[in-house]
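Below is one structure, written out as C-alpha cells, with a few remarks after it.
We did not get these values from a lab; they are worked out from the coordinates using the rules stated. What you see is a predicted model, and the numbers here were worked out from it, not measured in a lab. We place every Cβ from the backbone using ideal geometry, glycine too, and count neighbours over all the protein chains shown.
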Amino acid sequence: MAAEEQAFSEKKLNAILDRLIQGKGSEEIMGPGGVVKDLTLRLVERVLEGKMTAHLGYEKHAQEGRDGHLTYEGEKNNETITT
C-alpha cells in the first residue's frame, strides 16, 4: 500500500473510531458489552469467515457449495453409523 493510501486509510479509520466512541464513557467503551468487545467479536468473525472461504474455495452461500462437497454447515451425510 502506498504511503498516501495508508495515511488516508488511517485518517478514515480514526474518524470512524471517533464516531463510535463519541459521547461514551470508559465503561461503555471498555466494559462488558462495550464497543471494544463488539468490535473484537466482529473482527474475529470476519477473519474466521475469510479463513473458511479460503479453505473451502468459495464464499458462504455460494452456488458452488451446493454440489455435495464440504459446506459451511458441515457434511451433508446424515447416515448414522452403528457398531
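Once you order the gyration tensor axes a ≥ b ≥ c over the Cα atoms, which shape class does segment 4-52 get: rounded for a/c under 1.5, otherwise prolate or oblate by comparing a/b with b/c? Verdict is oblate for segment 4-52. Couplings 3J(HN,Hα) for segment 5-18, derived from phi with the Karplus relation 6.51 cos²θ - 1.76 cosθ + 1.60 (θ = phi - 60°), are 5, 5, 4, 5, 4, 5, 5, 5, 5, 4, 5, 5, 4, 4 Hz, where x marks Gly and Pro. For segment 39-45, putting each phi into the Karplus relation 6.51 cos²θ - 1.76 cosθ + 1.60 with θ = phi - 60° gives couplings of 5, 4, 4, 5, 5, 4, 4 Hz, in residue order, rounded to whole numbers and with x for Gly and Pro.
When you count the other C-beta atoms within 10 angstrom of each residue and take the mean per peptide, 48-61, 2-15 line up highest first as 48-61, 2-15.
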